[in-house]
Amino acid sequence: MKISDLPCVMIKCLICTILIEVIIAFILKVRNKKDLFNVILVNIVTNPVVVSLPFVFLITRGLRAYRISFIALEIITLFVEGFIYHKVLEYKKINPFILSLILNLGSYFIGEIINLL
Amino acid sequence: MKKFLKLLLVAILVMPFMAKADMGAPQINSVEVTITNENGIDYYDYDGETVKGHLNKGDKIKVVSLDMDEKYYYIELANGKDAVVKSSDIKNDSEYPVTSKDVVDRGQDYEIYVFEEKGVDIRKGPYEFYEKVAHVESGTKLKYRYAIYDGEGNGSEDGEYNFGIHAVYVEQDGVKGWINILDSKVLVSVEPRYYIIFNSIDTENTFYSKGSSSDFKVIKSAGWETNSWDREILVYEDGKFKLIDDYYSIIPDKIQSYTSKKDIKGEQNTIKAGTEFYILVGDDYDDCSFVYMVKGSNKICSMYSDDFDEKLMKSFTKVSEAKVEDVFTINEVVEPEYKTTITKENNNENNNKESKSTNTIVICAIVGCSVALIAVVTIILLNKKKNK
């Protein structure tokens, strides 16, 4: 990947993640339009930061910092999203943190499958 | 609280795997590099200061790199472990001297021809991590005397062979440096040679199965070939220069004709006693088979037999030697138009490129955080109305 591709990669990541997570949420019976919109907004909160911030660590602190920051941000994302879901979602069938976990796992694995294809 | 702790545990266990690739997240590719510093180099821990070990000349490492300059290169050692090396240790500002042990003095000047459409770079050393000093456009002809062979037994220590060369050292117009020629972008000069080419692949198969063919042509090359085992030759065809590798064989400039007192019976062909024939390929007696053409026939044939022996071939009577162009119709050789200029590298451009890369990352991060902030505000406002 070239650095000059980073903006396009960020947009691509965001769109794909939103699509997949909304579909999974819908499958999990999140049907309220406002809830689905909140799912979209939550991904807009976390995804661009998770994709772009590690590169800042890479150029300032090195490869190890890049890898650590990536992992840390993913963990933080899980809790941030869970917290936001807890506060705003009307959907109560699944614990919001578990919901966050399911959605993130889903977007990861489906993303891997798509990458393989 | 217990649920929260369970979730935290799951996250800590699962997330490292998820962090590998978050839906199309960028991957970093690695490049294999051989250490060329005479005394080797040290490698460090991630802090870039604690020496972890030493790499010797000839050690191979994988360098993980981005398209931007860094203080350190992140490498993967042969044992799979990560480390860092100083970029100055690998991406050298110093010149790779022609007195280095792996450099061969070929004793005289040879020529190279840049065939690659985009041209090639001249660097201070024979590897891409050496600083670029100039760019050479496609169509440029240069001279060299010093070469590094590819280290896999292709070539010779005394520079006898013209192939298997990894890089050559050029010096022209005040520019000196190395050009990597191993990947067929740069051609090496050879004496113009004659090649038998079958006019179609089927003809080649027919030749192998029937042992003869009239559907061939003999061409003379312009004297440029790729520097690899499957020597592609530069030819002018259909109005342009191109590389071809589907030739059957090389034949010498002068071909010898023979007769035999006895019939020569092979697996597929027979040469009657007293018939004059040219041996085109394989007249060295070591390999008791050859490719020939009966004088005046314009049909090349193969001759091999389990009954052949060296004694039989030595019994052939030499008749005459003829030039290839007197025996075959050869098209006029077309040579490319050569350029001789080199474009010196503007190192300020490189520095600007590196700044641009850093700026891109910073801007993307700022935009990402800004978008996140806006989204947070939107979530608050959207749900504040509900609460009201």
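The values are calculated or read from the model by the stated rules, or taken from the named source; none is laboratory data. Just so it is clear, the structure is predicted and the values come from calculations on it, not from any experiment. Cβ coordinates were reconstructed from backbone atoms using ideal geometry, including for glycine residues, and neighbour counts include every protein chain displayed.
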Complete set of residues in the range A:1-28 that are more than 7 Å from chain B (Cβ to nearest Cβ) and either exposed (fewer than 14 other Cβ atoms within 10 Å of the Cβ) or without any contact (Cβ under 8 Å) to a residue 60 or more places away in the chain (or both): A:ASP5, A:CYS8, A:ILE11, A:LEU14, A:ILE15, A:ILE18, A:LEU19, A:VAL22, A:ILE23, A:PHE26, A:ILE27
Would you confirm, using the coordinates I've provided, whether B:SER297 is of a type outside the set (Asp, Glu), in a strand (DSSP E or B) and in the same structural domain as B:ILE219 (by TED's automatic domain parsing)? no
Based on what the data block shows, is A:ARG31 crowded, with 16+ Cβ neighbours inside 10 Å and basic (Lys, Arg)? no
Hey, any hits in the range B:342-358 for a residue that's surrounded by 16 or more Cβ atoms within 10 Å (Cβ to Cβ), under 51 Å from the mean Cα position of the chain (by Cα) and either modelled with pLDDT of 85 or more or more than 21 Å from A:SER52 (Cα to Cα) (or both)? yes
Of all residues being within 14 Å of chain A (Cβ to nearest Cβ) and out of contact with any Asp or Glu (no Cβ under 9 Å at 6 or more places or on another chain) in the range B:47-66, which is modelled with the lowest pLDDT? Just the residue, please. B:LEU66
Being more than 7 Å from every other protein chain (Cβ to nearest Cβ) and either among the polar types (S, T, N, Q) or crowded, with 19+ Cβ neighbours inside 10 Å (or both) is the filter here, so list the residues in the range A:57-66 that pass it. A:PHE57, A:LEU58, A:THR60, A:TYR66
Does the range B:314-324 hold any residues that are in contact (Cβ under 8 Å) with a residue 40 or more places away in the chain and either within 36 Å of the chain's Cα centre (by Cα) or in a helix (DSSP H, G or I) (or both), and which are they? B:LYS323, B:VAL324
Among the numbered conditions (1) modelled with pLDDT of 80 or more; (2) more than 15 Å from A:TYR66 (Cα to Cα), tell me where B:ILE75 comes up short. (2)
Out of A:LEU73, A:LEU105, which single residue is closer than 25 Å to A:LYS29 by Cα, assigned to a helix (DSSP H, G or I) and either at pLDDT 90 or above or touching a helix residue (DSSP H, G or I) at 6+ places or on another chain (Cβ under 7 Å) (or both)? A:LEU105
The number of residues in the range B:177-225 that are more than 24 Å from B:VAL324 (Cα to Cα) and touching a residue at least 60 places away in the same chain (Cβ under 8 Å) is 9
Within the range B:224-245, is even one residue surrounded by 15 or more Cβ atoms within 10 Å (Cβ to Cβ), modelled with pLDDT under 90 and at positive phi? no
Residue under evaluation A:PRO54, criteria (1) buried (at least 23 other Cβ atoms within 10 Å of the Cβ); (2) of a type outside the set (Phe, Trp, Tyr); (3) at the interface with chain B (Cβ under 7 Å from one of its Cβ atoms), criterion not met: (3)
Determine which single condition B:LYS265 fails, assuming it passes every other condition in (1) surrounded by 15 or more Cβ atoms within 10 Å (Cβ to Cβ); (2) closer than 25 Å to B:LYS318 by Cβ; (3) out of contact with any Lys or Arg (no Cβ under 6 Å at 6 or more places or on another chain). (1)
